[in-house]
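The structure appears below as structure tokens.
Coordinate-derived values only; no laboratory data. Bear in mind the structure is a predicted one, so any value in this text is a computation, not a measurement. So basically every Cβ, Gly included, is an ideal-geometry build from the backbone, and we count neighbours across all protein chains shown.
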Amino acid sequence: MKKYFMLFLPFLFLVLICSCDKIKQPYIKTIKHTLDTVEARKMLLEEFTGDQCINCPNGSTQAEYLKNSVFGNSLILISVNAGFYAIPNSQYPYDFRCTVSDTLDNYFHGNPLTTTLGYPMGMVNRLGWLQSNPLNVCLSVNQWRDTIANHINDVPKISIELYNSYNPATRVVSSSVECDALMSLTSTYRICSYLTEDSIIKPQEFPQGVDSLTYVHRHVLRGALDSNPWGVTFIQGNTANGAQFTKNYTMVLDTAWNANHCSVVTFLYDASNYEIIQAEEKGISISSK
Amino acid sequence: MNAGQIHGSFQMDAQYYLKDSLIVAPNVPEKVLMNAFANILYTNGNFSAGLRYESFQNVMEGYDSRNIGNGIPYKFISYKSDELEVTVGNFYEQFGNGLILRLYQDWNLGIDNSVEGVKVVYKPIKGITVKGLIGTQRFFFAQGPGIVRAADGEFYLNDIFKSLEQKKTKITLGGSVVSKYQNNTDPVYNLPANVAAFAGRVNIICGKINFVSEYAYKINDPSALNNYIYKPGEALYSSATFSQKGLGISVSASRIDNMGFQSDRNATGNVLYINYLPSLPTEHTYALAAMYPYATQPNGEMSAQGAITYNIKRNTPLGGRYGTDVALNYSRVTSIDRVAVNDTTPIGESGTLGYKSDFFKFGNELYYDDFNIEIDHKFSQRFKAGATYMYQTYNKEIIQGHPPTIYAHIGVLDLTYKLKEKKSLQLELQHLYTKQENGNWVMAMLQYTIAPKWFFALSDMYNYGNRDEIMQIHYYNASLGFIKNTNRIAIGYGKQRAGVFCVGGVCRYVPASNGVTLSVMSSF
């Protein structure tokens with residue numbers, strides 16, 4: 001009897017050995033939009049960062065990875081340099097901050113003099129905002145991927161097309177926005193256009209006190225095209241499916257900014273909860289990314 | 001059947017928190033926090049049943065804040081005959097050294113990864129033990145999302161084979177398999193719902209030599225812990241000891257590569273661990289020596305340790321009248337070798353194999369090393385003394401996630417003087433020298449004991465070497481305790497510096513605090 005019972009052991013091992021799934025490449029699922037690319041929803045990741053934040057390069061690496069390897073052009077990145085770790089000093093004299101980054105940081109990430117969340121943190125389409133706690137929109141690095149993936153196939157309410165032009169002589173950027181309502185709308189939506197500059201080479205602090213003097217800062221927020229961090233009301237009241245809306249912006253580029261690396265990021269958000277319902281990004285000159 | 005027996009134990013730890021912005025003590029709105037448990041065990045012949053009631057009102061600072069409220073997270077019923085033991089409910093278990101399964105509880109660490117389900121232990125013949133279990137792991141006052149299935153076989157060859165019965169060499173072999181199941185709902189990655197790990201082990205005892213070795217392998221297990229890489233995990237632990245009267249020698253080594261094994265792939269913190277990865281460095285008990293404790297790195301480490309203990313005989317020039325004990329220990333932990341899987345993929349990138357690694361190659365980064373020598377000498381019937389010197393390198397960036405690397409020299413003098421038969425006075429003097437972080441520390445502790453009932457202690461830990469003069473803080477403490485039979489009550493008052501508390505390479509962060517502590521323990 002015992003000998004028969006001994007068969008139980010190899011059977012148990014066999015069952016358990018079979019209880020494993022060896023995954024072969026590709027490890028990443030192909031994330032396909034169910035809609036035409038133009039009408040698909042694009043996601044915006046706004047990352048709070050700073051040149052003296054030792055963990056922020058890791059956050060930026062993760063953001064780049066999500067864009068380059070997972071979500072492609074469906075993900076738009078903005079680096080919001082602000083707060084304690086972005087205050088210039090003798091070792092890090094360059095000031096990445098701007099009025100818009102300070103405003104966003106104060107409202108969504110916490111006033112550095114009172115409440116501050118850690119770094120790096122980011123907002124994905126500003127999802128999760130609560131009137132009682134605006135800081136609830138901030139997500140840690142390991143929450144970005146799933147939040148983006150869970151919303152990227154949401155049916156878009158609006159499409160955005162951008163037409164940018166740039167005059168090198170006057171350094172004036174012109175941006176025209178055309179939006180189509182893709183369904184009937186009832187809320188109030190505001191429009192924002194931000195300017196970002198990519199690939200700025202400046203020092204960055206790393207763990208163990210190591211500095212990189214030639215760190216490439218990506219997608220740095222430079223300001224709003226209309227100087228207003230919160231934009232303006234764009235769509236209001238009952239709006240029919242197919243309704244069209246346009247808006248034009250102009251902005252003079254700072255002489256220190258590299259036009260070839262500058263882009264316009266335009267987005268619409270629900271005025272009642274700050275959720276960004278659609279976003280688009282386009283370089284300002286032919287050679288820009 | 002008689003009425004059976006009931007045994008139990010109780011522990012309550014509470015603290016009244018005072019505000020102290022200088023040491024950055026967290027603000028505690030409740031002012032008083034308490035952790036408590038009571039274990040009740042009923043046995044009657046082959047039958048046993050038990051439960052543990054736990055209460056967190058609210059959970060004390062430094063413990064996982066997901067411990068909320070009261071409950072009975074541990075309860076079981078068990079029946080044991082000569083050959084078969086069956087347990088339903090919650091249970092703990094360990095296979096071998098724990099490389100692929102160790103279910104245990106440590107109240108001071110705030111860890112309990114028990115499984116709730118069914119466990120069967122069968123001993124069909126003398127020398128063979130087979131274990132099987134299935135269930136879900138405790139997750140605070142709920143259960144984790146993964147199902148754990150496990151089996152283990154242990155074979156004591158000297159009992160199984162008659163020819164080996166009288167042999168001096170004793171050999172035990174063991175093998176185990178653990179598999180976890182968690183539904184794959186991840187929107188991005190193709191994740192394995194079933195992840196299995198395998199381990200084989202051997203224990204050979206030959207006279208004064210004891211040799212233990214275990215190898216474990218885990219198939220692809222992308223998780224938050226390993227940044228969702230698909231590389232299989234491996235671990236090897238080996239240890240050899242030699243002991244004879246007056247001399248003990250031990251050497252051990254381990255290699256851990258991507259072997260964190262949790263029943264929830266998205267878990268954060270010390271929760272839902274299925275396995276345990278042994279830590280080789282010495283676990284120091286003196287406060288300054290334990291200031292920079294090592295925490296096992298489940299994503300990868302190479303570790304080695306050697307120790308010699310020697311007793312210098314009494315009535316010799318060095319041994320004196322009562323003999324002298326000398327203990328020498330060195331341990332070193334480094335990174336493992338890691339190279340990119342190809343030219344375009346950074347090491348450790350999510351959604352890839354992660355990296356390639358040469359099994360026997362040490363990495364370039366030093367995580368921790370510790371050299372220590374301890375000498376204990378009894379000068380007379382009343383007076384004994386111990387002196388310890390330690391040198392530690394502590395890579396804080398790896399172990400705690402932020403710089404700097406600390407190089408510390410630590411000295412300890414431990415003097416005990418017996419005043420009368422039951423009364424003794426103990427004086428501990430400690431000093432830590434380092435140029436990094438908060439600089440030098442000094443500590444003195446005086447304890448008066450009236451055995452076996454009373455003890456009184458005063459201590460002060462002073463960060464006199466802090467470069468910021470305001471932070472040159474005295475962390476003073478006063479405590480008294482009363483012990484009678486199986487009851488122990490201790491009350492303390494003072495400041496606690498922020499730090500890390502570790503047991504066996506598993507750690508929890510302890511924030512700074514200032515206040516009154518109360519601890520009550522009892523068993524029956």
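Things worth noting here:
- Each Cα pair under 8 Å and six or more residues apart adds its sequence gap; the mean of these over the residue count of chain A is a relative contact order of 20 percent.
- By the helix-only formula, in which each DSSP H run with n ≥ 4 contributes -39500 (n - 2.57) and the sum is divided by residues, chain A has a 222 nm mean residue ellipticity of -4000 deg cm²/dmol.
- Neighbouring Cβ atoms from other chains, within 10 Å of the Cβ of residues in A:55-65, number 1 on average.
- Close amide-amide hydrogen proximity is noted between B:F261 and B:I274, B:N275, each under 5 Å apart and 5 or more residues distant or on a separate chain (H modeled in the peptide plane; Pro and chain starts excluded).
- The label-point distance for B:A451 and A:K202, in a model that sets each label 7 Å from Cα toward Cβ, rounds to 6.7 nm.
- Point-to-point label distance, B:K126-B:F242, nm (Cα→Cβ direction, 7 Å offset): 3.3 nm
- Among A:E178, B:E301, a tally of other beta-carbon atoms within 10 Å of each Cβ gives an order, fewest to most, of A:E178, B:E301.
- Dimensions in Å of the protein assembly as shown - Rg and Dmax from alpha carbons: 31.2, 102
- Two-site FRET efficiency, B:F360 against B:Y462, from Cβ-Cβ distance with R₀ of 45 Å, rounded to 0.05: 0.50
- Tally of Lys pairs whose C-alpha atoms are under 25 Å apart, taken over the range B:172-251, 8 or more apart or cross-chain: 4
- Cys residues of chain B counted as unpaired, since no other Cys beta-carbon is under 4.7 Å: B:C206
- Within straight-line cross-link reach of A:K22, aspartates and glutamates at Cα separation under 20 Å, skipping those fewer than 8 residues along the same chain: B:D186, B:D221, B:E234, B:D257, B:D264, B:E349
- Separation in nanometres of the label points that stand 7 Å from Cα toward Cβ, at A:S212 and B:T169: 5.5 nm
- Averaged over the residues of peptide B:181-190, the number of Cβ atoms from other protein chains lying within 10 Å of each residue's Cβ is 5.
- Straightening the chain between B:Q94 and B:Q400 buys 107.4 nm, computed as 0.36 nm per residue apart minus the Cα-Cα spacing.
- Computed [θ] at 222 nm, deg cm²/dmol, chain B (DSSP H ≥ 4; -39,500 (n - 2.57); rounded to nearest 500): 0 deg cm²/dmol
- Per DSSP, loop GluC sites (Glu not before Pro) in the range B:97-206 with at most 14 further Cβ within 10 Å: B:E165
- Shape call, chain B: gyration tensor on alpha carbons, a/c limit 1.5: rounded
- Prolate/oblate/rounded call for the range B:384-494, Cα gyration tensor, a/c under 1.5 rounded: prolate
- Residues whose placed amide H lies under 5 Å from that of B:E349, excluding near-sequence neighbours: B:G354
- Per-residue mean of foreign Cβ neighbours for B:143-149 is 1 (Cβ atoms of other chains, 10 Å radius).
- Among the chymotrypsin sites (Phe, Trp or Tyr not before Pro) in the range A:60-137, those placed in a DSSP loop whose Cβ has at most 16 other Cβ atoms within 10 Å are A:Y94.
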